[in-house]
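S.K.: This structure is in structure tokens; I'll ask about it shortly.
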Amino acid sequence: MERTPHHFLIAEGAERFAEREGLIVVSPESMIAPHRLSESGDTVGAVALDGAGHVAVAVSTGGLHHKMPGRIGDSPIPGAGGYAEDFLGAACATGVGETIMRSMLTFRAVQMMSAQISAQAVADAVMPIYARFEGDGGLIVVDKQGRVGFAHNTPLMPVAWIDGDEIKAQMSR
């Protein structure tokens with residue numbers, strides 16, 4: 001989005017912009033394998049902290065099939081699907097997009113980090129707030145010290161992280 005003053009384009013406007021920039025535009029239907037139509041996709045999210053204290057978040061969603069045309073999920077919405085603020089931390093969410101957007105889950109989590117509490121304490125504190133919105137999901141967070149936290153109100157959530165040179169992974173219950 002370096003070639004426009006706008007931060008968010010959808011539908012025909014996004015397609016016209018892509019064509020003007022020389023990108024290939026294909027129909028969403030052409031990107032779905034027929035045997036996957038009955039499945040819903042999963043979110044993949046990441047949070048990171050570099051040595052200079054800068055944080056980042058990345059999120060990709062598998063999306064929902066058979067959704068209303070024009071629906072936008074939580075993944076591209078700052079403060080919903082993901083949020084990062086240097087020298088505080090970063091958070092990434094997974095779950096029901098509409099609920100994540102209403103609760104502003106990741107924004108709340110990162111703002112809580114200003115109280116100097118650990119990433120795990122933040123994750124544990126923000127999930128009951130999210131549950132009040134009657135959504136299922138979870139989040140991962142990293143604080144400015146590089147501590148990782150995660151919480152969810154679903155039966156399981158796979159998580160992985162790097163601690164120094166060690167890769168850690170678990171199925172959180």
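S.K.: Let me know the charge dipole size of the chain about its Cα centre in debye, to the nearest 20, where only the beta-carbon of Lys, Arg (+1) and Asp, Glu (-1) is charged.
M.R.: Dipole size: approximately 320 debye.
S.K.: Run through the DSSP bridge list for the chain and note the antiparallel percent, rounded to the nearest 5.
M.R.: 95 percent
S.K.: With a 10 Å radius around each residue's Cβ, average the other Cβ atoms per peptide and rank 11-17, 165-171, 113-119, 92-98, highest first.
M.R.: My ranking of the peptides, most packed first, is 92-98, 113-119, 11-17, 165-171.
S.K.: Under a 10 Å cutoff between Cα atoms, tell me which one of 139, 23, 88 has the largest fluctuation in the Gaussian network model of the chain.
M.R.: Comparing 139, 23, 88 in the GNM, the peak value goes to 23.
S.K.: For the chain, set up a GNM with springs between Cα atoms under 10 Å and report which of 155, 78, 28 has the largest fluctuation.
M.R.: Taking springs between Cα atoms under 10 Å, the residue moving most is 28.
S.K.: To continue, here is another question. For 54, 66, what's the fewest-to-most ordering of other Cβ within 10 Å of each Cβ?
M.R.: Listing 54, 66 from fewest to most nearby Cβ atoms yields 66, 54.
All of the numbers you see were taken from the coordinates with simple rules; none came from a lab. All values derive from a computational prediction rather than experimental measurement. Don't worry about glycine lacking a Cβ; one is built from the backbone with ideal geometry, like all the others, and counts go over all protein chains shown.
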